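Engineer: Here's a structure for you.
Values quoted throughout were computed directly from the atomic coordinates according to the rules given, and no laboratory measurement underlies them. Quick caveat: nothing in here was measured; it's all calculated off a predicted structure. Cβ: placed from backbone, ideal geometry, glycine included. Neighbour counts: every protein chain shown.
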Amino acid sequence: MKENQSPMEVRIQKNERLDDLNRKGYQIIQDPKRFCFGMDAVLLSEFARVKKGETVVDLGTGTGIIPILLEARNRGGHYIGLEIQKESVEMARRSVLYNHLEDKIEIVEGDIRQASTILKKSSAQVVISNPPYMKDNHGLTNDNEAMNIARHEILCTLEDVVREAAALLIPKGRFFMVHRPFRLVEIFGTLTKYQLEPKRVQFVYPYVDREPNMVLIEAILGGASRVTIEKPLIVYQDKGKYTDEFYKIYGY
């Protein structure tokens, strides 16, 4: 496949679909039978802060949703998505070509646990990750290997992700992550173990009267000890009706 292909020349398989991202006309190729991106990836791309010309690494990029959304929202210089599953890598590369982003986004096949060996140490201003949330003894599993790898710590752990993020970042570089609140103590302990100081935290609630089901975190490599708890994000104002803030994030 040549890099200058037009979108019409990028093959969409029979089992795949094109999803509109509501940003700059970008679309993404997904297979409904594999793991498709969810709300957490969209919220993380909105929460992350990328400055002009910066290098960004996404650990566990899946089908490339976060680099594509970040490119639409920010003025970063170069985005690298690292993914271990070959089928997802191939799909992500086709989405990059479909959106004519091959000069900005690079999809690399590789293991998160070896990220700082595959890529260059201390080379990124920003690292971002939507890692597997569940340990082996948490949550439900199914027969779909791709979904299990995305949801459960089968091929990498929280510590693997944090360790490699720290190794890839330059001093004072920023790490952004979305995870589950029930693991927050473990998350903070792991971040500080690798000199990643939590700086911003935002909780995401499905409804105003429910417990949060997601947490967005920014940490700085070698940062001072000070954390800001941002205004909570509420997803639904009523059953089936999103809040105005959520609609704005999704670009509606």
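Engineer: Compute the distance from the alpha-carbon center of region 12-52 to that of region 188-215, in whole Å.
Structural biologist: 23
Engineer: Right, next: Go through 135/172; 52/121; 86/135; 33/248; 104/248; 24/172 and tell me which ones have a Cα-Cα distance over 27 Å in this structure. Could you put the intermediate results ahead of the total?
Structural biologist: Working: 135/172 30 Å; 52/121 21 Å; 86/135 23 Å; 33/248 29 Å; 104/248 25 Å; 24/172 31 Å.
From the list (135/172; 52/121; 86/135; 33/248; 104/248; 24/172), the Cα-Cα distance tops 27 Å for 135/172; 33/248; 24/172.
Engineer: Quick one: which residues, 5+ away or cross-chain, put their amide H under 5 Å from the amide H of residue 80? H built at 1.01 Å from N.
Structural biologist: Long-range HN contacts for residue 80: 56, 57, 58, 106.
Engineer: While we're here: At a temperature of 37 °C and a viscosity of 0.692 mPa s, determine how fast region 90-131 diffuses translationally according to Stokes-Einstein, using the Kirkwood radius over alpha-carbon pairs as Rh; express D in µm²/s, rounded to the nearest whole number.
Structural biologist: Details: Rh = 12.0 Å.
Roughly 274 µm²/s, to the nearest whole number.
Engineer: Could you work out the helix-only [θ] at 222 nm for the chain, with each DSSP H run of four or more residues adding -39,500 (n - 2.57) and the total divided by the number of residues, to the nearest 500 deg cm²/dmol?
Structural biologist: My calculation for the chain gives -7500 deg cm²/dmol from helical runs alone.
Engineer: Taking Rh as the Kirkwood radius computed over C-alpha pairs, what is the Stokes-Einstein D of region 13-53 at 37 °C in a medium of viscosity 0.692 mPa s, expressed in µm² per second?
Structural biologist: Reported coefficient: 272 µm²/s.
Engineer: Stokes-Einstein D for region 1-110 at 4 °C, 1.567 mPa s, Kirkwood Rh over Cα pairs, in µm²/s?
Structural biologist: 94
Engineer: Mean 1/r over all different Cα pairs, inverted: what Kirkwood radius does region 158-252 give, in Å?
Structural biologist: 14.3
Engineer: Here's another thing I want to ask about it. Show me the three semi-axes of the equivalent ellipsoid for region 153-207, from the C-alpha gyration tensor (sqrt of 5 times each eigenvalue), largest first, rounded to whole Å.
Structural biologist: On the way: eigenvalues 78, 43, 20 Å².
Values for region 153-207, descending: 20, 15, 10 Å.
Engineer: Now for a different question. Shape call for region 41-99 from the C-alpha gyration tensor, a ≥ b ≥ c root eigenvalues: rounded (a/c under 1.5), prolate (a/b greater than b/c) or oblate?
Structural biologist: In terms of gyration-tensor shape, prolate.
Engineer: Taking amide H positions as placed in the peptide plane 1.01 Å from N, state which residues far from residue 214 in sequence (5 or more) or on other chains have amide H under 5 Å from it.
Structural biologist: Long-range HN contacts for residue 214: 204.
Engineer: Further question on the same structure: Which of the peptides 199-211, 222-234, 56-68, 107-119 is most tightly packed, and how do the rest follow, judged by the mean count of other Cβ atoms within 10 Å per residue?
Structural biologist: Peptide ranking by packing, descending: 56-68, 107-119, 199-211, 222-234.
Engineer: Amide H to amide H under 5 Å from residue 234: which residues, 5+ apart in sequence or cross-chain, H placed 1.01 Å off N in plane?
Structural biologist: Long-range HN contacts for residue 234: 205.
Engineer: With a ≥ b ≥ c the root eigenvalues of the C-alpha gyration tensor of the chain, is it rounded (a/c under 1.5), prolate (a/b larger than b/c) or oblate?
Structural biologist: rounded
Engineer: Which residue, chosen from 126, 250, 97, occupies the Cα position most advanced towards the positive end of the dipole of region 7-250, where the dipole is computed from +1 (Lys, Arg) and -1 (Asp, Glu) charges on Cβ about the Cα centre?
Structural biologist: Positive-most Cα among the choices belongs to 126.
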